Amino acid sequence: MSLLLVGLSHRSAPVSVLERASLDGDTRAKLLQDTLAAEPAAEAAVLATCNRIELYADVDKFHAGVAELSTLLAQHSGVGLDELTPYLYVHYEDRAVHHLFSVACGLDSMVVGEGQILGQIKDALALGQELHTAGRLLNDLFQQALRVGKRAHSETGIDRAGQSLVTFGLEQLADGPDTAAWAKGKRALVIGAGSMSSLAAATLARTGVAEIVVANRTRARADRLVEILNQPGGTGVRAHAVEMSEITAELTRADIAVSCTGATGLVLTAEAVAGALGLDHVPDAASGLIPAQSTGPERLALLDLAMPRDIDAAAGRLDGVRLVDIESLAEASADAPMAADVDQVRTIVADEVAAFGAAQRAAHITPTVVALRTMAAGVVADEIARLDGRLPDLDEKQRGEITQTVRRVVDKLLHAPTVRVKQLASEPGGAGYADALRELFDLDPQTVAAVSRADLNDPNRGRS
């Protein structure tokens, strides 16, 4: 296993850098394809969320791999390598596994314990499978990460340590955990209909808003989200969809607006927000004529969950506007309390990392063991054929008994060594046992490679 991870997150980089380095769907696909085309990488997967960009690869050279992956991240993110490098972190082999498993459990999230990251890991695996950039190692790694994350949430109280970014953001807007009292009877505008926006709409509905308006670039997706919100037996919230061109008009009637789109530019400018509130103009922040934050009674609460941002930061300085975005959420989450269950999750992660490493090392020797048994079966077949030539009068029963006896002898001779070599290979530092086995028994490397390819092409592998 030569797993390499190069990435940056809210823990290593300021939000302004993360915002500029964000990757859209097409860019992620191109990054994966270019990574696989690079000499050191045999597999690749990218995990890109609103607060992290991580490129995973199976490499044969560590230093060349770090240089290549760093360069590719810079090229595709649009942030220069010199500027990006100070914010990058590098993890290799078991440390990379430990990092991904911690991420899957929500230990590395902006809000500890949030569960949405599991869906994002699943999406990263699906993209790697679709583009055929995720092979044996990354398929196993990401599927195991999903299992570890689910285990952490089912076996511990990590959910009590945190919540989704949506819930955390609403709590920041409400100045406390009682979001129901704050949201009761309010009108909400949700911009976007992707996974995060859908989660925001569902959370707002459960919180008790009176009405939700959904706007999305693709109207059909907005209509589908509204259909879900309006299902019988639901929360009872009134919901309807509008075109993106109607956002400014809807803003005049909204009390809350949540935005999370994949747009590369601003969706709500400060001028649009000012216009919706009936303000004549937006003063220049540089002139010092407006405060760093809005003053006066709150008229509009804005929650920006997009990366890069959807809502102009200057809108938060308008009179009567409260803005919470990824940057302010990062600052607030730094003081969030850690639950005692976090230690239990860390123990789970450590155990699972050890188990994953042992499984990978054991899997590395399996093709060699299979090749050895294949060679032994060939020797038995050849000897039985020679016996037929020397003793042509053997009947079928006699021939069968002899064949079974020879096979049992060979199986018994190979059983203990092959079981023991698998055990030894699964331990740290056991990678050399496969080489030793091939050398001792003069196994054909092509046969071993053929077994590996057959295992990798198994249609039951790589399905999440």
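Translational diffusion coefficient of the stretch 4-80 (Stokes-Einstein, Kirkwood radius from Cα pairs, 37 °C, 0.692 mPa s): 268 µm²/s. Distant-in-sequence amide contacts of VAL258, defined by a placed amide H-H separation under 5 Å and a gap of 5 or more residues or a different chain, comprise LEU189, VAL190, ILE191, LEU303.
Using Stokes-Einstein with the Kirkwood hydrodynamic radius over Cα pairs, what translational diffusion coefficient do you get for the chain at 20 °C and a viscosity of 1.002 mPa s, in µm²/s rounded to a whole number?
In µm²/s, the coefficient rounds to 84.
The alpha carbon centroids of the stretch 111-128 and the stretch 339-369 are separated by 19 Å.
Total Lys pairs in the chain closer than 25 Å by alpha-carbon, pairs eight or more apart in sequence or interchain only?
For the chain, qualifying lysine pairs total 5.
Volume per residue for the stretch 182-270 equals 87 cubic angstrom (convex hull of Cα atoms). The apolar share of the surface of the chain, taken as the fraction of accessible area on carbon and sulfur atoms (1.4 Å probe, ligands and nucleic acids excluded), comes to 52 percent. Taken along its three principal axes, the alpha carbon spread of the stretch 23-147 comes to 34, 31, 29 Å, from the longest extent down to the shortest. Model label sites at ALA181 and SER16, defined 7 Å from Cα along the beta-carbon direction, differ in position by 3.8 nm. Computed 3J(HN,Hα) for the stretch 61-74, one whole-Hz value per residue from the Karplus formula 6.51 cos²θ - 1.76 cosθ + 1.60 where θ = phi - 60°, is 9, 5, 5, 5, x, 4, 4, 5, 5, 5, 4, 5, 4, 5, glycine and proline marked x. Computed over protein heavy atoms with a 1.4 Å probe, the accessible surface of the stretch 135-281 works out to 44 Å² per residue.
The radius of gyration of the Cα set in the stretch 355-442, together with its Dmax, comes out at 16.8, 54 angstrom.
To the nearest 0.05, how large is the calculated FRET efficiency for GLN404 and PHE441 if R₀ is 22 Å and r is the Cβ-Cβ distance?
0.40
The values are calculated or read from the model by the stated rules, or taken from the named source; none is laboratory data. In this text, all values refer to a predicted model and were calculated from it rather than measured experimentally. Here the Cβ is made from the backbone with ideal geometry for all residues, glycine too, and neighbour counts use every protein chain on show. With ligands, DNA and RNA removed, areas are computed over all heavy atoms of the protein, side chains included. Shrake-Rupley method; radii C 1.70, N 1.55, O 1.52, S 1.80 Å.
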